[in-house]
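What follows is one structure encoded as structure tokens, with my remarks underneath.
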Amino acid sequence: MIRSDRTNRPKAQTRRTLLRFAALSGVAALAPGLAGCVADGLVGDAVVGGGPERQSALDVSPVLLVATTRKPVGAPPKSPFFSSERGRGLSFAEVRLSAPDRSLIGKVSSVVTGDWAVTAVPQVETGPGAAGAFAQAALGRDVLIYVHGYRESFQSAAVSAARLSDGIRFRGASALFTWPSAAATFDYGYDRESALWSRDGFEDLLKALANSPSGGRINIVAHSMGTLLTLETLRMLRAEAGEAAMARIGAVVLAAPDIDIDLFTSAIERMGPDVTKVTVISSTKDRALELSGAIAGGVVRAGAADRERLEALGVRVADASDYGGGLINHDLFLSNPDVQGVVKRAIGRASGGA
């Protein structure tokens, strides 16, 4: 079990540590989840709206709303559509996806070919109007914004956003906020700086959605390093736009937060009463967080902290330590139905005003 405190100072970063990090980060296979529900203290909570939905809105209309601080590729856009470079301001695009084949043959072949895929980005709007264009595209609907973590390309982040939204059968507008990750194992520092650099763009987006007169709730699911960006942006939003903007924020789910526990504590304390909106999916068996903690200074990451320490801050905690049989266990919210249930219940509570 990973201790929540480290009394010894870390040794100098070595190439062996980085190579081990690279090897573990590259492992994608995760064993099927265990039966039952994640012991998050939320078992038995009803999902607002009745029984389980059979189809997500994204499956019916496979369009992903994308806001990004990445540099667009080509005019008109061409693959890979958005690069790892930092762009000039916020960009918006309605990204076309192809849904997975639901047949038995399709499910088998998806193991090799993948499931969701980006097929087209018809046009990109960059500049002052991007945030407003996003809000207009989502008008009248609840929004689920996925904020990805370290080592992600635009396309891999878009696929993860689709998998998340479809996995929980979300009925509103599916969205992605993607920042300029280098999508490379040894560029952890670049990624962290790019995430923090993207705070203004993300805040502009949230302000536009919050100011939309007939918009729905804004639900955010952030993963790994994306949780640092999300918490910093919400702190800024609360300070600059006040309670009215924060009232439009629904569920805030932080999956495997790759953030120093001390920094996490400070950020959560600044959220005031809005801390009740936050759910943390943690695991003391997350090897990616163990290694990133060693690289980033030796202090335990929030996503690997003991449950009691996190609950003392006032957040809800889903301890997924016993879920998944893989070596990494860093993205269970994308692969394990029980862990996805935590996300669905959090959004259900936000929608019901509970």
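The values are calculated or read from the model by the stated rules, or taken from the named source; none is laboratory data. Keep in mind the model is a prediction, meaning the values are calculated, not measured. Cβ: placed from backbone, ideal geometry, glycine included. Neighbour counts: every protein chain shown. For the accessible areas, the whole protein counts, side chains as well, though only heavy atoms, and no ligand, DNA or RNA atoms are used. Shrake-Rupley method; radii C 1.70, N 1.55, O 1.52, S 1.80 Å.
Points worth noting:
- Filtered residues of segment 259-310 (kept if aliphatic (A, V, I, L, M) and part of a loop (DSSP other than H, G, I, E, B)): I259, M271, V299, V300, A305
- Which listed residue, of D322, D286, is over 19 Å from G226 (Cα atoms) and of a type outside the set (G, A, S): D322
- Condition check for G341 on (1) modelled with pLDDT under 95; (2) over 19 Å from D274 (Cα atoms): one failure, at (1).
This table checks each residue for (1) free of Cβ contacts under 8 Å to residues at least 40 places away in the same chain; (2) hydrophobic (A, V, I, L, M, F, W, C); (3) more than 20 Å from A138 (Cα to Cα); (4) not in a helix (DSSP H, G or I).
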position: F177; (1), (2), (3), (4): no, yes, no, yes
position: S181; (1), (2), (3), (4): no, no, yes, yes
position: G189; (1), (2), (3), (4): yes, no, yes, no
position: L196; (1), (2), (3), (4): yes, yes, yes, no
position: F202; (1), (2), (3), (4): no, yes, no, no
position: L205; (1), (2), (3), (4): no, yes, no, no
position: V221; (1), (2), (3), (4): no, yes, no, yes
position: L228; (1), (2), (3), (4): yes, yes, yes, no
position: A244; (1), (2), (3), (4): yes, yes, no, no
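Rundown of residues vs (1) open to solvent by 10 Å² or more (accessible area, probe 1.4 Å); (2) modelled with pLDDT under 95; (3) under 18 Å from the mean Cα position of the chain (by Cα), yes/no style:
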position	(1), (2), (3)
R248	yes, no, no
A267	no, no, yes
G272	yes, yes, no
K277	yes, no, yes
A294	yes, yes, no
G297	yes, yes, no
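- Within segment 133-156, restricting attention to residues that are over 12 Å from D331 (Cβ atoms) and assigned to a helix (DSSP H, G or I), the residue that is most open to solvent (accessible area, probe 1.4 Å) is Q136.
- Answer residue from segment 59-74, given it is free of Cβ contacts under 8 Å to residues at least 40 places away in the same chain, in a loop (DSSP other than H, G, I, E, B) and at negative phi and is farthest from the chain's Cα centre (by Cα) among those: V73
- Members of segment 208-218 found to be open to solvent by less than 60 Å² (accessible area, probe 1.4 Å) and assigned to a helix (DSSP H, G or I), listed by number: A208, L209, A210
- Positions within segment 114-133 being of a type in the set (D, E) and under 24 Å from P100 (Cα atoms), in sequence order: D115
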